[in-house]
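The values are calculated or read from the model by the stated rules, or taken from the named source; none is laboratory data. What you are looking at is a predicted structure, and each value in this text was computed from that prediction instead of being measured. Quick reminder, even Gly has a Cβ in these numbers, built from the backbone with ideal geometry, and neighbours come from all protein chains shown. The protein model used for the area step is the full one, side chains on, heavy atoms only, and it has no ligands, DNA or RNA in it. Shrake-Rupley method; radii C 1.70, N 1.55, O 1.52, S 1.80 Å.
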Amino acid sequence: MVDKAATRRIVEEVMEAVMAGTAGSIALHFAPGAMVSQRSNAAMSDSPWFGRMEGEFRLQGENETRAFFDEMLKRTTYISYEMRGIVCEDDNAASRCDWTRRDEKTGTLITGSTMYWFGFTSDGRIRSIETIGSIHSVIPLRKSESGA
């Protein structure tokens with residue numbers, strides 16, 4: 001049985017690292033062969049500004065996990081975020097995070113939420129993370145009337 005307090009600390013650490021853009025030592029929390037599944041409601045035409053890494057990724061060890069998160073964090077920088085709670089039960093945990101980001105190329109402002117589901121091994125390491133991101137609004141940068 002996984003310790004709920006330890007599970008909560010790991011979930012908080014991983015989510016804070018991802019949202020703040022600093023992976024730190026979170027790779028240590030992943031079991032070899034951990035699966036990360038990421039999906040969103042963004043259309044394929046939205047991919048240039050969303051910079052997403054959607055799909056399923058099996059992470060074979062600490063080095064590959066670190067490389068995966070480093071690449072993911074290069075693609076997404078958040079202006080603000082708010083974690084909306086963590087629920088831990090048995091060897092699973094779930095959380096939600098509301099966020100705002102700006103596309104560096106176009107200046108577009110994007111708001112959304114991401115749901116996270118974590119699965120843990122019996123020794124308290126992450127065996128899977130499933131995320132589903134939902135984009136709520138996309139606000140293009142306004143050009144000034146003078147064209148500047």
field: Heavy-atom accessible surface of the chain: percent carbon and sulfur, 1.4 Å
entry: 52 percent
field: Per residue Cα convex hull volume in Å³ - calculated over region 73-148
entry: 96 Å³
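Assuming R0 = 35 Å, can you tell me the calculated FRET efficiency for the pair A5 and N41, based on Cβ-Cβ distance, to the nearest 0.05? Walk me through the numbers before you get to the answer.
Numbers: r = 33 Å, r/R0 = 0.96.
After rounding to 0.05, the efficiency reads 0.55.
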query: Applying 1/(1 + (r/R0)^6) with R0 = 41 Å to the Cβ-Cβ distance of N63 and N92, what FRET efficiency is obtained, to the nearest 0.05?
result: 0.95
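Determine the dipole magnitude for the chain: charges of +1 sit on the beta-carbon of Lys and Arg, -1 on that of Asp and Glu, nothing else is charged, the reference point is the Cα centre, and the result goes in debye to the nearest 20.
On the way: 18 positive and 21 negative charges, 86 e Å.
The calculation lands at about 420 debye.
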query: Can you give me the pair-distance distribution of the chain, C-alpha pairs, 10 Å bins, whole percents?
result: 11, 40, 32, 12, 4, 1, 0
statement: Under the helix-only model (-39500 (n - 2.57) for each DSSP H run of 4 or more, divided by the residues of the chain), the mean residue ellipticity at 222 nm, to 500 deg cm²/dmol, is -7500 deg cm²/dmol
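Net charge around A20, counting only other residues with Cβ within less than 13 Å of its Cβ (Lys, Arg = +1; Asp, Glu = -1)? Don't skip to the answer; put the middle values down first.
Values: positive: R101; negative: E12, E13, E16, E82.
Once positives and negatives cancel, what remains is -3.
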Given charges at Cβ of Lys, Arg, Asp, Glu: the chain dipole, positive-most of Y116, I26, C97: C97
- prompt: Between R75 and L109, what length comes free when the chain is fully extended (0.36 nm per residue of separation minus the Cα-Cα distance, one decimal in nm)?
  reply: 10.7 nm
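Could you tally the net charge around Y116, taking each other residue with its Cβ under 9 Å from the Cβ of Y116, Lys/Arg +1 and Asp/Glu -1? Don't jump to the answer; show the numbers that get you there.
Numbers: positive: R96; negative: E130.
Its environment carries a net charge of 0.
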